[in-house]
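Every read-out reported here was derived from the displayed coordinates using simple, explicitly stated rules and does not represent laboratory data. This structure is a prediction, so every number in the text was calculated from the model and none was measured. Quick reminder, even Gly has a Cβ in these numbers, built from the backbone with ideal geometry, and neighbours come from all protein chains shown.
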Amino acid sequence: MTKTLEFKNAELVAIGNFLGTLSLKNKASRGRTKLIKLISAKNDEYVEERKETLEPYIKKDEAGNNVEGDTPGSVVLIEEKTGEANAAIKEIDNESAVIEFTEYSEKMKALYDAIVDYPSEFSNQDAAAYDLLMDQLETAFENETEEAK
């Protein structure tokens, strides 16, 4: 059976960053590393899709180049199209990013087992990321338990 985790595109970075803060050993650490790589690949797809979606809304200079914003890497949107651009980006942010991890199932189970009763406390963004991650891991591994019955 295929095993997957499903997050919103906008949640990927927070979950990846959270995973990087955990102190894990052995197989659980390897599961984390595999999951971070899978999340990173999905995030790269998401970033590229955002760029492509924003392209028609970006203000251009006389040479046809993007007009850069005040912060590095930012761009200026065409004023009349800002609402459309924001709606398009919001839609992409809320799309599902499905991460298939069947081949790493054993390592992901070890990760799940290691963090289900993690000894440290989480707050703010880490607590939210932990909750999102655990919801998905619980779903993946509780279904496995039910099928074994």
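Assorted remarks:
- Of the GluC sites (Glu not before Pro) in segment 1-77, those whose Cβ has at most 10 other Cβ within 10 Å and which sit in DSSP loop: E62
- In Å, descending, principal axis extents of the Cα set of segment 40-102: 50, 21, 19
- In the chain, the longest principal axis of the Cα atoms and the axis of helix 26-54 are about 20 degrees apart.
- Length released on extending from E52 to I78, taking residue separation times 0.36 nm less the Cα-Cα span: 7.8 nm
- Under-5 Å amide H pairs with K59, H placed in peptide plane, nonlocal only: V67, V76, L77, I78
- GNM top mover of A63, A85, A28 - the chain, alpha-carbon springs below 10 Å: A63
- With respect to the chain, whose longest principal axis is taken over its alpha-carbon atoms, helix 105-116 is tilted by about 90°.
- Gain on full extension, evaluated as 0.36 nm per residue between D113 and T21 minus their Cα-Cα distance, stands at 31.4 nm.
- Structure-based [θ]222 nm, the chain - -39500 (n - 2.57) summed over DSSP H runs of at least 4, per residue, nearest 500: -20000 deg cm²/dmol
- Degrees, to the nearest 10: 82-93 long Cα axis against longest axis of the chain: 20
- Pairs from K25/K109; K8/K59; K34/K109; K8/K60; K3/K51; K8/K81 whose Cα-Cα separation, in the structure shown, is over 21 Å: K8/K59; K8/K60; K3/K51; K8/K81
- Amide H contacts of A97 (H built 1.01 Å from N, under 5 Å, at least 5 apart or other chain): F7, K8, N9
- Modelled FRET efficiency - R0 35 Å, E6 with D61, Cβ distances, 0.05 increments: 0.30
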